[in-house]
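Have a look at the structure below, then the notes.
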Ligand SMILES: Nc1ncnc2c1ncn2[C@@H]1O[C@H](COP(=O)(O)OP(=O)(O)O)[C@@H](O)[C@H]1O
Ligand SMILES: [Mg+2]
């Protein structure tokens, strides 16, 4: 379970998260929508401790992320995150990309890690690209590789930050299909996305962020069917 | 013209000089590179402001001509350090290696810092969010990628240090150019001797340059 209590966060004078309260339970798929600059990415990077927070607290499976004694490296094993920019390590093959953290962080043997990498890469449809360098992959393939790399750590949670936003339109579908597959397998996920159709289909709940505030959160039928917040109404009108 | 008094003993003297040049260079470049990596990482980690004292010291080594550094270091070590610490005389060879190593480290730290800065921040964020520690990220992601960026400059540095090592004659180290000059004075055959000397330098540099080219080519595949 991810528990976010009254989290505030500023970059200099700019308050980016203005008291966020949110709980994501096991097996839930939460999508987060909202205009650019509304604090969605910041929230994700706070959840895995890449960014400090100013006040409030975030607990992941009962562990307080920003508490002093928390072992962040240990915590991050449980939380997979995939970003908008492609993040393949260019000097390693696709399989080595997926193996590295397994060997270094989880201390798996090379053979175990290689087998797990192969399994996860097959799972996302990259079974034929094991020994290719990432430079040869399309954007959609790079993103699926990043997903496999995170999954290979056997995380309890997956966070996705606009993973299709940097892709050519014809490559978006294959990545969304991968996310749908994960959702159907019961993975607990937070997906920041601009793909409204996708959000409507896969989400248990959808949260709308506006200027650092979570202005509305509801199941998709409700949030898209009968939006209450005026800003959300404007936002949905603009994206249709 | 080439009918000279050049004996095999003289050629041996040149070869010994070449060996000395190679030895001084190898020691200075290895030591200087290790120090340069440490200083470069430190400078990157500390940021421009906190690294200022270190940067200043390294800039001193970069901006004072090597010849002056050698003479001053030699004087400092033997006139001040040796009497105060009550140690035996420090050889010119040691002084030469030390000064050249610091000179290499000063340039190398700049190259290393640039290489680290060239590694995209999002890759480092990705490795950290996979649970890798600062050290694991540094060793497995940053260093390999920075090395690819830094290698051409580093090869240039190593070759430069090899040629600059000719200056260590000033602290009585019998390196290649010094031995060549001894023979020139004796045999009065400057052109021939300088050609042989140049050939030795070429034989030392060429493999290093080619090895660098080979690595660059191999890495460009991925
Ligand atoms: N590292 C940072 N330093 C300063 N400002 C930042 C930083 N990261 C994000 N911001 C600012 O915080 C605000 C929220 O950013 P972000 O969380 O990325 O929004 P979103 O993902 O919803 O588009 C933006 O105005 C952005 O410019
Ligand atoms: Mg964002």
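Structure above, values below:
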{"read-out": "Least to most buried among A:221, A:5 (fewest other Cβ within 10 Å first)", "value": "A:221, A:5"}
{"read-out": "Quarter of the Cα convex hull surface for region A:88-213, i.e. its orientation-mean projected area (nm²)", "value": "8.6"}
{"read-out": "Interatomic Cα distance distribution for region B:8-220, bins of 10 angstrom, percent", "value": "8, 27, 30, 21, 11, 3, 1"}
{"read-out": "Contact order relative to length of chain A, as percent, for alpha carbon pairs under 8 angstrom and 6 or more apart", "value": "26"}
{"read-out": "Orientation-averaged projected area, Cα convex hull of region A:2-239 (nm²)", "value": "13.1"}
{"read-out": "Residue order, fewest to most beta carbons within 10 Å, for B:49, B:139", "value": "B:49, B:139"}
{"read-out": "log10 of Debye I(q)/I(0), alpha-carbon scatterers only, for the protein assembly as shown at 0.10, 0.11, 0.14 Å⁻¹", "value": "-0.83, -0.93, -1.25"}
{"read-out": "Sequence of B:205, A:38, A:55, A:109 once ranked by neighbouring C-beta atoms within 10 Å, starting from the fewest", "value": "A:109, A:55, B:205, A:38"}
{"read-out": "0 to 90° range, to nearest 10: angle between helix B:143-164 axis and chain B longest Cα axis", "value": "20"}
{"read-out": "Between 0 and 90°, nearest 10: helix B:176-187 axis offset from chain B longest Cα axis", "value": "10"}
{"read-out": "Dmax and Rg, reported as Rg then Dmax, of region A:29-144 (C-alpha, Å)", "value": "16.5, 47"}
{"read-out": "Part-to-part distance (alpha-carbon centres) for region B:89-138 and region A:132-152, which is given in Å", "value": "30"}
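Throughout, read-outs are computed from the coordinates displayed, never taken from laboratory work. Because the structure is predicted, anything quoted here is derived from the model rather than measured. Cβ atoms come from the backbone with ideal geometry, glycine included; neighbour counts cover every protein chain shown.
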